[in-house]
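Report on the following structure.
The values are calculated or read from the model by the stated rules, or taken from the named source; none is laboratory data. Since this is a predicted model, take the numbers as computed values, not measurements. Here the Cβ is made from the backbone with ideal geometry for all residues, glycine too, and neighbour counts use every protein chain on show. Quick note on the areas: whole protein, heavy atoms, side chains included, nothing else; ligands and nucleic acids left out. Shrake-Rupley method; radii C 1.70, N 1.55, O 1.52, S 1.80 Å.
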Amino acid sequence: SADFAPAAHWLIEAYRWSIESGQLRRALSVASNLGYTYTSMSDYAQAVEWLQRGLSLARKAGWPGSLSLALAQTGDAMRRIGQLPAARELLLECQALLVAHPENRSAMLALKYLSEIELDLQENESALQNFLLLAERAQSVDSKDMQTDAALGQARALLRLGRLNEAREAALHARDVAQQQRERS
């Protein structure tokens, strides 16, 4: 029901019980959900705190899938609070961890978030190239949401580069892909 404050309360309780009962995978999942919940409430400081807890657990466990997702999510949250160098390090670590699996969802998330950092830093040409790469990877695994994100990112980068017609085409493409999955872009 998108009632995030009570959800956060119960997720914190679930995290506590997961830790106390030794359910590490559950605790990792709950920390991730708490990060998402606080991000949805635009409380990025709390999101970073919970995602860093999850990242710490993932590092201890050493599970590549959990670690890569935690790295990508924490990197994005840190980007949102302006900690760009630290965010970039986490995202690059995620990509290095998944170098053999570039079409893995976490690897694509890391590429998307790195591209966002490049836009934040006005590195628009580099952002455009990475969004184009993201589009290729998303297309190869038929990930509509990533295709939409890639097209929107391309549109923003092209707009900043003064390539207005191409930016419009990329934005229209994003709309079309979003409509295919019945979501608003």
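Taking the alpha carbon gyration tensor of the chain, what are the square roots of 5 times its eigenvalues, largest first, to the nearest whole Å?
30, 18, 16
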From the backbone phi of the stretch 148-164, what are the Karplus-calculated ³J(HN,Hα) couplings (6.51 cos²θ - 1.76 cosθ + 1.60, θ = phi - 60°) in whole Hz, Gly and Pro given as x? 5, 4, 5, 5, 5, x, 4, 4, 5, 5, 5, 4, 5, 8, x, 9, 5
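State the percentage of accessible surface on the stretch 27-185 attributable to carbon and sulfur atoms; use a 1.4 Å probe and exclude ligands, DNA and RNA. Provide the component values of the computation, followed by the final result.
Numbers: 3830 of 7840 Å².
Here carbon and sulfur together make up 49 percent of the probe-accessible area.
In Å², what does the accessible area per residue of the chain work out to with a 1.4 Å probe? All intermediate terms of the calculation are to be shown ahead of the outcome.
Details: 9850 Å² over 185 residues.
Value returned for the chain: 53 Å² of accessible area per residue.
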Contact order relative to length of the stretch 69-185, as percent, for alpha carbon pairs under 8 angstrom and 6 or more apart: 18
Gap in Å between the Cα centre of the stretch 1-67 and the Cα centre of the stretch 98-120? 21
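Which longest run of the chain has no exposed loop site in it, a site being trypsin sites (Lys or Arg not before Pro) in a DSSP loop with at most 13 other beta carbons within 10 Å, and the site itself not part of the run? Spell out each step's value before the answer.
Numbers: sites that count: 182, 184.
In short, 1-181.
Using Cα pairs closer than 8 Å and at least 6 residues apart in sequence, work out the relative contact order for the stretch 31-125, in percent.
Relative CO of the stretch 31-125 lands at 22 percent.
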